[in-house]
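Right, one structure below, let's go through it.
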Amino acid sequence: MGALFSLWPKTESFRTWFQPDPSAEIAPLAMSGGNPYIRALMRTISASEANDPNPYTLLYGGERIQDLSDHPDICLEIVAGPNQGLCTTAAGRYQFLTTTWEEKAQQYHPNPSGWWWWRQYSFSPEYQDKVVYGWLQDPQAWNTDIAERLEAGQLPEVLERLSGTWTSLGYGIEDNVMTPFLEEIYQSLLAEELAQASQAP
C-alpha cells in the first residue's frame, strides 16, 4: 500500500509560503450518511492533508484540477520535507497517490464505469469520500475496527495506525502546522457530525 504524501510538508521554509489556518472551518463531506465517527475522522484527515475550502480539487502544493472524471495522475516535484526531490501524484481531499487510488477504488468504489480491465473510477467529490469511507470501515484493511476504536475514545491509537498512509497525522514522517490540533479538530467535528446524525429522519 503506497503512502500518501502530505500536502503541506513540515519544513519552515515551506510554511512561510502557505500557513494552514487551524481555526478555519473544515469543509463538510460531499457524501451523505454514514457513521458520524468515521465522517469526523475523514474530515480530520483532510484538515491535515488538504486544508482548503474546496479540498477535492487540490494537487500537491496547492495546484488545482478541473477534470475529476478519474484520478489526474500528475506527478509534481516535492519541494520540501523528507521526500524532497521526488515527485508525488497526491491529489484530492485525501491526497491519494495514483496507485493507492487505483487499488482502493477497485475495492471500495460503488459505481465504476466501463467493463472488466477498462473500468474507470470517477474521482468526483462524492466518490473520493465513499472510497475512503469504505476503506476506513473495513476492519480487515486496518486489522482493527476503526469505528469501534473511535467510539471507545481511542483517537490517538487510530491516528497512529493511519499515519503510515496519511503521513501528517502526528505519528508519520511529515507533521505540519495542523498536526498538533488534530485531536481538538476531531472532537469539534465529531460533535457536529453527531448533532447532524441526531437530526436525520
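Give the residues of region 160-183 that are farther than 22 Å from Ala91 by Cβ and modelled with pLDDT of 95 or more, sorted by residue number. Walk me through it before giving the result.
Here is the first cut: in region 160-183, the residues farther than 22 Å from Ala91 by Cβ are 160-161, 170-171, 180-181, 183.
Once the filter is applied, which keeps residues that are farther than 22 Å from Ala91 by Cβ and modelled with pLDDT of 95 or more, region 160-183 yields Glu160, Arg161, Glu183.
Name the one entry in Glu63, Glu77, Glu25 that is surrounded by fewer than 15 Cβ atoms within 10 Å (Cβ to Cβ) and under 15 Å from Tyr186 (Cβ atoms).
Values: Glu63 fails: under 15 Å from Tyr186 (Cβ atoms); Glu77 fails: under 15 Å from Tyr186 (Cβ atoms).
Just a single option satisfies the conditions, and that option is Glu25.
Look through Leu190, Leu150, Leu159, Leu155 and report the one residue that is more than 15 Å from Ile26 (Cβ to Cβ), surrounded by fewer than 21 Cβ atoms within 10 Å (Cβ to Cβ) and of a type in the set (A, V, I, L, M).
On inspection, the qualifying residue turns out to be Leu155.
What pairs can you find where one residue is in region 16-36 and in a loop (DSSP other than H, G, I, E, B), the other is surrounded by 11 or more Cβ atoms within 10 Å (Cβ to Cβ) and at pLDDT below 80, and their Cβ atoms are less than 7 Å apart, with a gap of 6+ or different chains?
Listed pairs, sorted by first residue: Phe18/Trp8; Pro20/Trp8.
So, in region 113-141, how many residues would count as being loosely packed, with under 13 Cβ neighbours inside 10 Å and touching a strand residue (DSSP E or B) at 6+ places or on another chain (Cβ under 6 Å)?
Final tally of qualifying residues: 2.
Does any residue in region 46-58 that is farther than 18 Å from Glu174 by Cα come within less than 9 Å, Cβ to Cβ, of a residue that is of a type in the set (S, T, N, Q) and surrounded by fewer than 22 Cβ atoms within 10 Å (Cβ to Cβ) six or more places away or on a different chain, and which pairs are these?
Tyr56/Ser124; Thr57/Gln66
Return the pairs, sorted by first residue and then second, in which the second residue is among the β-branched types (Val, Ile, Thr), the first residue lies in region 82-96 and is farther than 15 Å from Asn51 by Cβ, the beta carbons are less than 6 Å apart, and the residues are 6+ apart or on different chains.
Listed pairs, sorted by first residue: Pro82/Ile173; Gln84/Ile78; Leu86/Ile78; Thr88/Ile78; Thr89/Thr98.
The values are calculated or read from the model by the stated rules, or taken from the named source; none is laboratory data. If you're wondering where the values come from, they're calculated on a predicted model, not measured in any experiment. Note that we place each Cβ from the backbone using ideal geometry, even for glycine, and neighbour counts take in every protein chain shown.
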